[in-house]
Each structure stands twice: as structure tokens, then as C-alpha cells.
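The values are calculated or read from the model by the stated rules, or taken from the named source; none is laboratory data. Source: prediction; values computed, not measured. Note: ideal-geometry Cβ built from the backbone for every residue, glycine included; neighbour counts use all protein chains shown.
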Amino acid sequence: MRTRIFALGLALAALPACASYQPVPPAFHEELNGPYHLDSGDRVRVTVFEQESLTNTYAVDQAGFLALPLVGQVPARGKTTGEIQSVLASRLSDGFLRDPNVAVEVDQYRPFFIMGEVQTGGQYSYVPGMTVQNAIAVAGGFTPRANQQSVDITRQVQGQVMTGRVLVSDPIVPGDTLYVRERLF
């Protein structure tokens, strides 16, 4: 009888934690399927054909800008590589080059962050196609107390910061912050 009462008490104690759980909004996963939007920490490779002095790798600074020769500061935060490509071609054709041919691609993605019940939390380099499980492996794996079923991810979606609980098989995006919770039992 005491065992049943104890088990019932544990189940009732866990209810408030379940009640506070909110499923991730659809926009949380739509971010995975849409075009990649640049932000601070990204590095892009800009190729201006037949212009060796302009072809280089440039970092998106903390303010969200790319600093390039001739054209100066170019707003990059929230823009796709295609949008940056158009802006650069337009600015270069405005008195600098006749009919410039510009290509922009991501050279290095901004890092992701992981904390909680992993061996070595911190900041790590993002690799395209990475899942939560890959990120945990990079951080040295789970601790013995870790909840190994799901993880909380904080992600910026359409200018808003959202947190959602996902399975370890779910993909991550650059800039995500992963939190591995402690298991109850």
C-alpha cells in the first residue's frame, strides 16, 4: 500500500512539470526548411569574378554587417546569401565595375551552444546536417544523470527567440542553444 501511495505521490509531483510543457510552434521547424539567414558569427565567401582584390572571406560582425572594400558596410543580419549577392552587385555596378558578376556562399556557420547534462558544455562549430545527437557527441556525450530522450533548444525564429523541446534525432541550426535536462529517475 505504501508503495502505491509513494508512486501516486511521485506521479502527482511530476504533473506540474508536464503541464508547463508547450509543444514547439510550427515556425520552430519551418526555420529548418527555409533559406539560411545570416547573423553575427557567420563567415561568407564573396567572389567577384575577374576582381581578385575583392574576392575574399568576410565575417558578419556583431552589429550584423559585412565590411567590404569599395562598397563599405553592407547589412547582412537576417539576409540570405542571394540577397547579399544582389546588394553587392548593385553597389559595385554603381560607379565601380561595369556589369559585376558576384557570388556569395557561406564559408563558416556561426557556432551552436550546448549546456546542461553533457560532459563538456560550451560553444562548438556547426556542421551542416547536424542533429541534437551529433551536438551531444561533440560535447563529450551525456552525463550519467542526463535525460537522453529530449532536449530543450532555444532558437531565433523570424526575429523572435523561441524555446522548444525536441527529440535527440531532430536537426539543429547554427546559433541554437541546446540544454540537456537532468532526468527524474
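Quick notes
Okay, residues lined up against (1) assigned to a strand (DSSP E or B); (2) in contact with a helix residue (DSSP H, G or I) (Cβ under 8 Å, 6 or more places away or on another chain); (3) surrounded by 15 or more Cβ atoms within 10 Å (Cβ to Cβ); (4) without any contact (Cβ under 8 Å) to a residue 12 or more places away in the chain:
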residue	(1), (2), (3), (4)
GLY78	no, no, no, no
GLY82	no, no, no, no
LEU92	no, no, yes, no
VAL106	yes, yes, yes, no
ARG110	no, no, yes, no
PHE113	yes, no, yes, no
ASP152	yes, no, yes, no
MET162	yes, yes, yes, no
GLY175	no, no, yes, no
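- Each residue in region 26-56 was checked for being outside any loop (DSSP other than H, G, I, E, B) and at pLDDT 90 or above, and 7 pass.
- Among the residues listed as PRO111, PRO23, the single one being out of contact with any Cys (no Cβ under 9 Å at 6 or more places or on another chain) and at pLDDT 85 or above: PRO111
- Scanning region 119-133 for residues that are touching a residue at least 24 places away in the same chain (Cβ under 8 Å) and either closer than 14 Å to ILE153 by Cα or surrounded by 15 or more Cβ atoms within 10 Å (Cβ to Cβ) (or both) gives TYR126, MET130, THR131, VAL132, GLN133.
- Filtered residues of region 128-150 (kept if within 13 Å of the chain's Cα centre (by Cα) and in a loop (DSSP other than H, G, I, E, B)): PRO128, GLY129, MET130
- In region 36-62, of all residues being aromatic (Phe, Trp, Tyr) and closer than 18 Å to LYS79 by Cβ, the one that is surrounded by the most Cβ atoms within 10 Å (Cβ to Cβ) corresponds to TYR58.
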